[in-house]
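The next block holds one structure in the form of structure tokens; read it before the comments.
The values are calculated or read from the model by the stated rules, or taken from the named source; none is laboratory data. It should be emphasised that the depicted structure is a prediction, and the values quoted were computed from it without experimental measurement. Note that each Cβ is placed from the backbone with ideal geometry, even for glycine, and that neighbours are counted across all protein chains shown.
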Amino acid sequence: MLTCKQVSKALAENRFDDLPSHKRMGLQLHLKFCMFCGKANTQVIQLQKGIKKMHDKNDDELYVNVRLSDEAKNNIKEKMSINSER
Amino acid sequence: MNDKEINNGPETWVDDHGDYLLQYAYVRLRNSAAAEDAVQETFLAGYKAFERYNGKTPVRYWLRGILRHKVVDYIRKSSREVPIDDTENNEILDSFNFKALGIFDQNPPDWKFDPEHAFERKEFMKIFYECISEMKDNLAQAFVLREIDGLSTDEICKQLNLTPNNLWVILHRARKQLKSCLESKWTKEANGVF
């Protein structure tokens, strides 16, 4: 069975979902029986799963309040049109 | 993104995708001017490469792929200019407590809410990005590259000019800070709503 340190290291080096299936199984087994490590690392995995869920939705919603100003948009359009004339 | 915007020609790109791409760049670069530059370069590069676009993915995600490279280049260049101080990191690494046989000697507090379900809520996503924006640059960049973009340890260390131990510590801090920020803000929001 993996030690807590090995589990932490595996999760530090890879996202849970990116680990090969045999490692994921080993980790799950460890997390099931190890109370302390289980909690610390399960929290990392929960966060990663939540983010993955959001990512998989390919959500285009704008969550950050930043927008291109009209000036910036016109500037880019102008540069694109100059490029098209070349 | 509506159907009309999926694969429109370059003349409508800036209006259709400009804000989306700016947000993508801003979350990673945390600097409006740099994010705008990256978006502008992306549109110009996309325009030049449009002949090679095969239409298999919506144009927005094709442009986002180009932007991703621009963002990583920018981060790589700016990270080279920042010297790494390992002293503090080593202290934190020492504070990861493992008993004999590599057993964890910590009992972290439970989440105050279910993070997997919270990510399905739009209000939560706003708070999530708000919390990321409150992190220090190096924490936020490492966290986003790792947990949102899915880069490997090797890639992130290369881009951010870090050692794997630095990265481990940085991610540990980022998650800890994010957890506490999410708990505080989301609990407040949830109490206000329900």
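Assorted remarks:
- Residue count for segment B:26-46, restricted to those that are touching a Lys or Arg at 6+ places or on another chain (Cβ under 9 Å) and facing chain A (nearest Cβ under 9 Å): 5
- When restricted to residues that are farther than 25 Å from residue B:156 by Cβ and either of a type outside the set (D, E, K, R) or more than 10 Å from chain A (Cβ to nearest Cβ) (or both), segment B:47-81 contains 11.
- Helices (runs of 4 or more DSSP H) (entirely within chain A) containing at least 2 residues that are under 19 Å from the mean Cα position of the chain (by Cα) and at pLDDT 75 or above: A:4-13, A:21-33, A:35-56
- Checked against (1) at pLDDT 55 or above; (2) surrounded by 13 or more Cβ atoms within 10 Å (Cβ to Cβ), residue B:117 meets all criteria but (2).
- Scanning segment A:7-48 for residues that are surrounded by fewer than 16 Cβ atoms within 10 Å (Cβ to Cβ) and within 11 Å of another protein chain (Cβ to nearest Cβ) turns up A:9, A:13, A:17, A:18, A:35.
- Condition check for residue B:144: at pLDDT below 85 and either under 16 Å from residue A:54 (Cα atoms) or assigned to a helix (DSSP H, G or I) (or both): no
- Boolean, residue B:21 is at the interface with chain A (Cβ under 9 Å from one of its Cβ atoms), modelled with pLDDT of 90 or more, under 17 Å from residue A:83 (Cβ atoms) and surrounded by 14 or more Cβ atoms within 10 Å (Cβ to Cβ): no
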